[in-house]
Every structure is written in structure tokens, then in C-alpha cells.
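Have a look at the structure below, then the notes.
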Amino acid sequence: MSVTLVVLVGSGVVLVGWIWASYNRFALQREMVENSWSTVDTELRRRYDLIPNLVATVKGYAAHERETLETVVEARSQAVAATGAPEEQAPAENLLVDGLKQLFAVAEAYPDLKADVHFLELQKELAATENRIQAARRIFNGNVRDLNRRVQQVPSNLVAKVGGFHRAEYFQIDAAARAVPVASLAPDLPSEAKPVKS
């Protein structure tokens with residue numbers, strides 16, 4: 001066998017090995033994006049489950065704030081119905097966060113509500129849930145960034161085209177919705193209930 005043939009065969013083996021490894025890495029990254037989105041979705045569902053109790057508690061003290069309560073209930077319904085890709089869910093999530101901010105702004109006007117143990121517990125749970133949502137969103141967006149970078153970079157973009165791997169969408173939230181929608185209603189809340197910004 002000539003040296004040229006050995007070099008050609010060796011190069012072919014290396015190229016096939018690289019394509020195989022690159023394809024498998026794309027498959028792994030796609031799975032990581034899907035898995036991390038599942039975590040975000042789980043935390044969003046936890047938030048949805050807290051909202052009816054929160055609205056009911058506020059309603060007990062501030063029943064005449066009907067418009068705000070209805071806004072939150074409607075925003076929750078839209079967010080629950082908005083399933084699918086992150087870019088499809090983000091607008092509904094932004095509306096829900098805005099509604100929760102309005103709800104907590106209303107609660108500021110009711111000292112008895114702010115002192116209600118049930119309300120404080122719901123507020124603490126919501127703050128913890130919001131922190132978990134932000135952490136899961138950061139992991140998801142990091143996985144999306146890594147996948148998108150490889151889809152665009154040469155030479156891995158060739159494997160992406162042949163293998164059918166595409167850019168994924170980030171889970172974007174409006175700048176106004178970045179803060180956790182939990183007002184500081186009680187000065188003695190433990191530090192774990194304090195909001196964390198992303």
C-alpha cells in the first residue's frame with residue numbers, strides 16, 4: 001500500500017469519526033435543551049398552582065379590587081393555555097408577571113392582608129418559585145446558547161444542516177418582568193423569601 005493511500009484512508013477515517021462525534025454532540029445538546037425546558041415548564045406550573053390561592057386570599061380582604069383580581073385570573077388562564085415553544089409562552093408569562101405585580105401593589109393598601117399568615121406563606125412560596133423559574137431559565141438559555149453556537153460555527157454547521165439540527169429559541173422575558181413579582185409586604189420575612197433578579 002502506498003503512503004498516499006494510507007493518508008487518504010486515515011483522513012477518511014478521521015473525517016467520519018469527527019462527523020459521527022459531532023452528530024452525537026448535537027443530539028446530546030438538543031436533548032439538554034429539551035430537558036432544561038421541561039424544568040422551566042415544571043416551575044411555571046408550580047406558579048400557576050399558587051395563583052388561585054393567592055387571588056382567593058386577596059379577594060377575602062380586597063373584594064372590591066375586582067378588576068385586578070380578574071386580570072390576574074385571566075393572565076393565569078392564558079399562561080396555562082400557552083403551551084409549546086418558549087417563544088410562544090413568553091408573552092403570556094410576561095402578562096402574568098405584570099398581573100402579579102398589580103396584585104401585590106393592591107395588597108400594599110391592606111394592612112390586615114399584609115399581616116395574614118396564609119398570605120405571607122403564599123408570598124414566600126411564590127418568591128421561592130420565582131427564584132427557581134429564574135434559575136431554570138438561565139440553565140435553559142445557556143443550553144440554547146451552546147446549541148446555537150455550534151449550529152452556526154464552521155465546520156459543525158455542515159453536520160447541523162445534514163443532521164437537521166436547528167437553532168433553538170431563548171426563553172426571553174421583558175425587561176419590566178425581570179424582577180420577581182413579590183412585594184416586600186412584611187419586614188420580617190426570612191432572607192430566602194427575598195427576590196433574586198436574573
note = Calc'd 3J(HN,Hα), the stretch 38-54, phi into Karplus 6.51 cos²θ - 1.76 cosθ + 1.60 (θ = phi - 60°), Hz, glycine/Pro = x, comes to 4, 5, 4, 4, 4, 5, 5, 5, 4, 4, 4, 5, 7, 4, x, 5, 5
message = Give the residue list of GluC sites (Glu not before Pro) in the stretch 48-155 that are DSSP loop and have at most 13 other beta-carbon atoms within 10 angstrom.
response = E108
message = Below 8 Å, C-alpha to C-alpha, sequence gap of six or more: please give me the relative contact order for the chain in percent.
response = 29 percent
ask   = Between A81 and R145, what is the label-to-label distance in nm when each label sits 7 Å out along the Cα-to-Cβ direction?
value = 3.5 nm
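Ratio to report: Rg/Rh of the stretch 58-165, with Cα atoms as the point set and Rh obtained by the Kirkwood method; give two decimals. Working shown, then result.
Numbers: Rg = 20.0 Å, Rh = 16.8 Å.
My calculation puts Rg/Rh at 1.19.
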query = How far is helix 117-152 tilted off the main Cα axis of the chain, in degrees rounded to 10, range 0 to 90?
reply = 20 degrees
request  = Over the alpha-carbon set of the stretch 57-106, divide Rg by the Kirkwood Rh and report the Rg/Rh ratio to two decimals.
outcome  = 1.06
ask   = Any idea how many Lys pairs in the chain come in under 30 angstrom at the alpha carbon, given 8 or more places apart or on separate chains?
value = 14
ask   = Ignoring ligands, DNA and RNA, what percent of the 1.4 Å accessible area of the stretch 1-109 is carbon and sulfur?
value = 61 percent
ask   = Given the rule -39500 (n - 2.57) for each run of at least 4 DSSP H residues, summed and divided by the residues of the chain, what is its mean residue ellipticity at 222 nm, to the nearest 500 deg cm²/dmol?
value = -26000 deg cm²/dmol
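What ratio of Cα Rg to 2.2 N^0.38 Å holds for the chain?
Computed over Cα atoms of the chain, the ratio equals 1.45.
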inquiry  = If the elastic network links every pair of Cα atoms under 10 Å, which of R46, R30, R149 fluctuates the most in the Gaussian network model of the chain?
reply    = R149
remark   = GNM of the chain, Cα pairs under 10 angstrom: of A75, A105, A136, the biggest fluctuation goes to A105
message = Taking the solvent-accessible surface of protein heavy atoms with a 1.4 Å probe, what is the per residue accessible area of the stretch 31-109 in Å²?
response = 49 Å²
remark   = Out of V106, V162, V80, a Gaussian network model of the chain with alpha-carbon springs under 10 Å gives the largest mean-square fluctuation to V162
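The values are calculated or read from the model by the stated rules, or taken from the named source; none is laboratory data. Just so it is clear, the structure is predicted and the values come from calculations on it, not from any experiment. With ideal geometry, Cβ positions are generated from the backbone for all residues, glycine too; neighbour counts draw on all protein chains shown. The accessibility values were calculated without ligands, DNA or RNA, using every heavy atom of the protein model including side chains. Shrake-Rupley method; radii C 1.70, N 1.55, O 1.52, S 1.80 Å.
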